[in-house]
There are 2 protein chains.
Amino acid sequence: MPLLVMKFGGTSVADLDRIANAAQKVKREVERGYDVIVIVSAMSGKTNELVGWVEQTSHLYDAREYDAVVASGENVTAGLMALRLQEMGVPARSWQGWQVPINTTSAHSSARFVSIPRDNIDAKFAEGFKVAVVAGFQGVSDEGRITTLGRGGSDTTAVAFAAAFGAARCDIYTDVDGVYTTDPRICGKARKLERIAFEEMLELASLGAKVLQTRSVELAMRYKVKLRVLSSFEETDESSGTLVCDEEDIMESKAVSGVAYSRDEAKITLVTVEDRPGIAAAIFGPLADAGVNVDMIVQNISEKNYEGHTMAVTDMTFSCPTNQVARAKKALEDARTAGVINYDDLVVDTEVAKVSVVGIGMRSQSGVAAKMFAALAAENVNIKVIATSEIKVSVLIDRKYMELAVQALHDAFQLDQA
Amino acid sequence: MPLLVMKFGGTSVADLDRIANAAQKVKREVERGYDVIVIVSAMSGKTNELVGWVEQTSHLYDAREYDAVVASGENVTAGLMALRLQEMGVPARSWQGWQVPINTTSAHSSARFVSIPRDNIDAKFAEGFKVAVVAGFQGVSDEGRITTLGRGGSDTTAVAFAAAFGAARCDIYTDVDGVYTTDPRICGKARKLERIAFEEMLELASLGAKVLQTRSVELAMRYKVKLRVLSSFEETDESSGTLVCDEEDIMESKAVSGVAYSRDEAKITLVTVEDRPGIAAAIFGPLADAGVNVDMIVQNISEKNYEGHTMAVTDMTFSCPTNQVARAKKALEDARTAGVINYDDLVVDTEVAKVSVVGIGMRSQSGVAAKMFAALAAENVNIKVIATSEIKVSVLIDRKYMELAVQALHDAFQLDQA
C-alpha cells in the first residue's frame, strides 16, 4: 500500500472544526488508496500557554520537565484527530512519541532523531488501520524521558516519518498555499511556485521566509523526501501547493527563483584592525562563544601609517541579528580589554536590511550579481555589503529601501512570469 | 528513609499559586525527613475541558483515545509541580503513568491496577531525589496504551502507591479540612472527626459524603494504608484533618459516628406481585441488566383473593437513584410484557430522601435502630422504608423532612460531643 505523510500545524488544528476539516483531507487520501501517517501540532495557543506556565513556575527550568509539560499539547490533538477520523469511518489511532517509539538524543528541548522503528505502526496498518496519528515535535530518550525537538519540530517529525516509512510524499498543510517568488505582502506581483529545489528552500527558510523549518528541509534533502507545502484552508488536490524537491526533478530553472529579505539585521564594523594571520579567528571566536549568529563578513585591507610605521590594517564588517548587537559589542570589547584583538573604533548600524536573490540556476548562468546591482543602482539604492554563495547573492542596504529593492529585483528577474 | 504519599486534587492545584502552596507542604514533609511521592490531579477545569472536546468530536468515542487525551491534564500538573519543587531546592522529578510504570488492566476509562513496580522510583530516591511527582488517575495497559481509572481515580492512585511503597501514611489534601459527623451545611453542630474507621468511611462515601472516592477507601482497607484527609488551604501539621484507619486503631467508639444523607433517591413499588420462589430474581435480574443501581429492598407478604383463589402475593419496594427511574420502569414493563413477572401497579415516589446513621460501635451496642426511630417519631417524621447493615441503619423519608431528620439524629446521638 503506498504511504503518505500529512502534517497539520497549529493553526490547521486550532479548534474542533479545523480538526474536522483536516480529518476530511486525510480521509480523501485514504479513499485515494493511501495508508496515511498524520503528524499533528498542538492546537494553536496551547504550546504558548504551557511554556508560559513553565517559565512562571521556574526561572531556570529543568528542560526535562519543560519537555514533559509542553509535549502534552500534541498528545491532545493526536487523540482528538484519531477520534474524528474514527467518527468518519476511517480506522485510526493516535501515537505518542514513546509509543512509536520516536527515539531521540537526550538533548532536551532540542533533541535530534536517533531512530524511528517501523514495527509497531506497520503492525497496526497490517491489522487494517488506515491512519496513524502521531504527536509531532516530541520523542523519547534512552532514559525513557519525554523529549522535544524545539519549536517547529513537527515539520521535522513529518519528514523523518516520510523517510523512515518510504512515503510517496510528505504534505505539509499550513496557513499559506505554497512558496512564493517573494513575500506577497511586499510585492503584489509575487507568484506561487509549482516547484522549488531543496537548496533554494533552505536559503529562503534561513532568510526568513518561514514556510518550513530549516531542519525539516535539510532532512528532506538528505533522504530525498518529496515535500509539498499546501493550504489547510482551501480545497486541494494532487497538484496543489508547492513541491519542494530534488534539483533533478526541476526540468528547467531560471537563474533566480525568488527574492528574500530580512529586516532583522545589523551591521557592525571594526575600524582599523591589524591585518595579521589569525585575526579573523581572534575576532569571530569570541563572537561564536557569546552565541552571536554572524551572517555576512567583509574585510578590506589597506595600509596605514600607524605611529610612524606603515602597517597592513583592515576594516572588518559583519552582520548579525539586531537583538544580538549588545552581546556582540560586549564580546568584542572584552576581547580588546583582554588584549586578544585591537581596533580603533566599533561602528554599529542597525538601520539595515538584507535582500537576497536565490536560485539554483545561478550555477549555470552568469551575470546574476551584475544584473542585481544594476537593478538596485537604477533605483538609487546604495549597497553596503555584498555576500555571495553558489545559489545566492545577498546585499545589505538601508532598511528604508527594502521594499523598493524587493520589487525592483522581482521585476528585473521577471519572477512574475512562469 | 520513611516514605509519605501526598495527594493534591484539582482545586488544590488549580493555578500556579496553588501549585506553589502545595509544593510548600511537600517541602515541609521532606524537611521532616520523609521521601515523598506526590500524586497530582489535573488543574481544576482542565479535565472537563478535555472531556468536552472528546465528546464534541465523537459521540460514541473510542475509550482508548479518550484516555490518551484526558490523561494529559495530570501530566501537565506533574511537570509543573516538579519544577516548582526544584525551584524551592527540593530534588524532584515528574513521572507519567507509563514511566513508573503503573500497570493496569485494559478496561479503558475504568482501568484497575495490576502492579506498580517500585524499581524505577526507588532507583531515583537512591540517587538523591527526595520527591517523585506522579500523574494521578492514569496507567498503562499491556498493549502499551494509556489508561485512566475513571473520575476520582487520583485518590485511588495515591492509596495504591502508599500500599506498593509501604508508606507511613497517605495524606489526601482537598478543599475540606476533614470528615465531619454530618454535612456542616445542614447541621451547624457538625463536628470534625479525628479518626474514622475504613468501614464507616465506606458507608459515608457511598451515601454521598464525597470526601474520598469509594475505591480508594476499599483499597486502603485491604492494604491497611493509613489515610488522612486534610485541607490544602490551611496550615496543617501532623495532627490535622481526619485519619481514616483500621477499626483497631480507634480506641473507643460511640455507637454512631456520623449521619449521612442522600437527596438523590427514588422509591419504586410493584403492587401485588405473585409471591413465589424466584420472584426476586425475576424482578431484580432485569433491573441489573438495565444498569439500575438498586439500593434498599423491602418485601411485604400478604394473602389476597385473586380471581376467586386465595394466593400469596407481595408488594415489592426498592430504591434507586432518581435519574435511573425511567430506565427502571422500562426494564420492569418489558419484563411484564415478556411474561417474566406480573404486577398490578407500579408506583414511583421521587420525593424521598435517605438518611442513615453509621458507626462501627453498632456491632457491640444494641438499641441504635430503636433510638433512631424514636428520634424521628419525636419530630413526626414518617419512615417509609427501613434497611439495616452491620454498621448502618438507613431510612427513606419524605424529602422535605430530610434536614430536620439529620439535625434530630445528630442531637439524639450527641455527635457534637467528642
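The values are calculated or read from the model by the stated rules, or taken from the named source; none is laboratory data. What you see is a predicted model; the values in this text were computed from it and never measured. Glycine gets a Cβ as well: all are built from the backbone with ideal geometry, and neighbour counts include every protein chain shown. The area values use the complete protein model at the heavy-atom level, side chains included, leaving out ligands, DNA and RNA. Shrake-Rupley method; radii C 1.70, N 1.55, O 1.52, S 1.80 Å.
Highlighted here are the strands (runs of 3 or more DSSP E) found entirely within region B:208-301 that include at least 1 residues which are farther than 19 Å from residue B:418 by Cβ: B:227-231, B:258-274.
Number of residues in region B:81-104 that are of a type in the set (Ser, Thr, Tyr) and more than 15 Å from residue B:40 (Cβ to Cβ) equals 1. Exactly one residue among A:142, A:155 is of a type outside the set (Lys, Arg), touching a residue at least 12 places away in the same chain (Cβ under 8 Å) and either assigned to a loop (DSSP other than H, G, I, E, B) or surrounded by fewer than 19 Cβ atoms within 10 Å (Cβ to Cβ) (or both), and that residue is A:142. Given the criteria open to solvent by less than 70 Å² (accessible area, probe 1.4 Å) and closer than 13 Å to residue A:343 by Cα, does residue A:313 qualify? The answer is yes for residue A:313. Kindly evaluate residue B:163 against the criterion of being over 24 Å from residue B:18 (Cα atoms) and touching a Pro at 6+ places or on another chain (Cβ under 6 Å). Considered against the rule, which asks whether it is over 24 Å from residue B:18 (Cα atoms) and touching a Pro at 6+ places or on another chain (Cβ under 6 Å), residue B:163 comes out as no.
Yes/no matrix, rows are residues, columns are (1) in contact with a Ser or Thr (Cβ under 6 Å, 6 or more places away or on another chain); (2) in contact (Cβ under 8 Å) with a residue 24 or more places away in the chain; (3) open to solvent by less than 40 Å² (accessible area, probe 1.4 Å); (4) not aliphatic (A, V, I, L, M):
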residue: A:211; (1), (2), (3), (4): no, yes, yes, no
residue: A:215; (1), (2), (3), (4): yes, yes, no, yes
residue: A:218; (1), (2), (3), (4): no, no, no, yes
residue: A:227; (1), (2), (3), (4): no, yes, yes, no
residue: A:233; (1), (2), (3), (4): no, yes, no, yes
residue: A:244; (1), (2), (3), (4): no, yes, yes, no
residue: A:260; (1), (2), (3), (4): yes, yes, yes, no
residue: A:268; (1), (2), (3), (4): no, yes, yes, no
residue: A:295; (1), (2), (3), (4): yes, yes, no, yes
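Pairs are defined by a Cβ separation below 7 Å, a sequence spacing of at least 6 or placement on different chains, a first member in region B:308-326 that is in the same structural domain as residue B:274 (by TED's automatic domain parsing), and a second member that is surrounded by 20 or more Cβ atoms within 10 Å (Cβ to Cβ) and in a helix (DSSP H, G or I); the pairs so defined are B:316/B:283; B:320/B:328. Exactly one condition in (1) crowded, with 21+ Cβ neighbours inside 10 Å; (2) under 30 Å from residue A:72 (Cα atoms); (3) modelled with pLDDT under 95 is not met by residue B:147; state its number. Answer for residue B:147: the failing condition is (3).
Listed here are the residues, each with its yes/no results for (1) surrounded by fewer than 23 Cβ atoms within 10 Å (Cβ to Cβ); (2) closer than 30 Å to residue B:62 by Cβ; (3) in the same structural domain as residue B:148 (by TED's automatic domain parsing); (4) at pLDDT below 95.
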{"position": "B:96", "(1), (2), (3), (4)": "no, yes, yes, no"}
{"position": "B:103", "(1), (2), (3), (4)": "yes, yes, yes, no"}
{"position": "B:107", "(1), (2), (3), (4)": "yes, yes, yes, yes"}
{"position": "B:115", "(1), (2), (3), (4)": "yes, yes, yes, no"}
{"position": "B:123", "(1), (2), (3), (4)": "yes, no, yes, no"}
{"position": "B:126", "(1), (2), (3), (4)": "yes, no, yes, no"}
{"position": "B:131", "(1), (2), (3), (4)": "no, no, yes, no"}
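In the set A:160, A:205, A:167, only one residue is under 14 Å from the mean Cα position of the chain (by Cα) and in the same structural domain as residue A:33 (by TED's automatic domain parsing); that residue is A:205.
When you scan region B:169-191, do you find a residue that is of a type in the set (Lys, Arg), closer than 20 Å to residue B:4 by Cβ and in a strand (DSSP E or B), even just one? Yes: region B:169-191 contains one or more residues that are of a type in the set (Lys, Arg), closer than 20 Å to residue B:4 by Cβ and in a strand (DSSP E or B).
Of all residues assigned to region B:121-132, at least one qualifies as being in contact (Cβ under 8 Å) with a residue 60 or more places away in the chain, small (Gly, Ala, Ser) and not in a helix (DSSP H, G or I). State whether one or more residues within region A:72-85 are hydroxyl-bearing (Ser, Thr, Tyr) and more than 25 Å from the chain's Cα centre (by Cα). No, region A:72-85 has no match at all.
Considered as a group, the residues in region A:23-77 that are in contact with a helix residue (DSSP H, G or I) (Cβ under 7 Å, 6 or more places away or on another chain), part of a helix (DSSP H, G or I) and among the small types (Gly, Ala, Ser) include one that is farthest from residue B:82 (Cα to Cα), and that residue is A:23. In summary, residue B:347 fulfils each of the numbered conditions (1) modelled with pLDDT of 90 or more; (2) in contact with an Asp or Glu (Cβ under 7 Å, 6 or more places away or on another chain) with the single exception of condition (2). A single entry from A:71, A:111, A:22 fulfils the requirement of being closer than 14 Å to residue A:136 by Cα, touching a residue at least 60 places away in the same chain (Cβ under 8 Å) and either in the same structural domain as residue A:168 (by TED's automatic domain parsing) or surrounded by fewer than 17 Cβ atoms within 10 Å (Cβ to Cβ) (or both): A:71.
For residue A:318, the conditions (1) open to solvent by less than 20 Å² (accessible area, probe 1.4 Å); (2) under 19 Å from residue A:390 (Cβ atoms) are fulfilled apart from (2). Each residue in region A:379-394 was checked for being polar (S, T, N, Q) and at pLDDT below 90, and 2 of them qualify. Within region A:327-340, being of a type in the set (A, V, I, L, M) and free of Cβ contacts under 8 Å to residues at least 40 places away in the same chain holds for one residue alone: A:338.
For region B:357-367, filtered to residues that are out of contact with any Ser or Thr (no Cβ under 7 Å at 6 or more places or on another chain) and farther than 23 Å from residue B:318 by Cα, the residue that is least open to solvent (accessible area, probe 1.4 Å) is B:362. For residue B:84, indicate whether it is touching a helix residue (DSSP H, G or I) at 6+ places or on another chain (Cβ under 7 Å), touching a residue at least 40 places away in the same chain (Cβ under 8 Å), within 9 Å of chain A (Cβ to nearest Cβ) and open to solvent by 20 Å² or more (accessible area, probe 1.4 Å). For residue B:84, the condition - touching a helix residue (DSSP H, G or I) at 6+ places or on another chain (Cβ under 7 Å), touching a residue at least 40 places away in the same chain (Cβ under 8 Å), within 9 Å of chain A (Cβ to nearest Cβ) and open to solvent by 20 Å² or more (accessible area, probe 1.4 Å) - is met. Summed over region A:386-410, the residues that are over 18 Å from residue A:258 (Cβ atoms) and either within 23 Å of the chain's Cα centre (by Cα) or open to solvent by less than 10 Å² (accessible area, probe 1.4 Å) (or both) give a count of 3.
The set of residues in region B:158-176 being out of contact with any Ser or Thr (no Cβ under 9 Å at 6 or more places or on another chain) and of a type outside the set (Phe, Trp, Tyr) consists of B:162, B:163, B:166, B:167, B:168, B:169. Somewhere in region B:87-101, is a residue within 21 Å of residue B:9 (Cα to Cα), assigned to a helix (DSSP H, G or I) and touching a Phe, Trp or Tyr at 6+ places or on another chain (Cβ under 7 Å)? Yes, the conditions are met somewhere in region B:87-101. Out of the residues in region A:7-64 meeting the condition of being more than 25 Å from residue B:55 (Cβ to Cβ) and among the polar types (S, T, N, Q), tell me which one is farthest from the other protein chains (Cβ to nearest Cβ). In this case the residue turns out to be A:48. Taking first residues from region B:169-194 that are under 16 Å from residue B:359 (Cα atoms) and among the hydrophobic types (A, V, I, L, M, F, W, C) and partners that are assigned to a strand (DSSP E or B) and modelled with pLDDT of 90 or more, the Cβ contacts under 7 Å between residues at least 6 apart in sequence or on separate chains come to B:179/B:196; B:179/B:229; B:179/B:242; B:190/B:180; B:193/B:180; B:193/B:242. With respect to the conditions (1) facing chain A (nearest Cβ under 7 Å); (2) small (Gly, Ala, Ser); (3) more than 23 Å from residue B:44 (Cα to Cα), residue B:107 falls short on a single one, namely (1).
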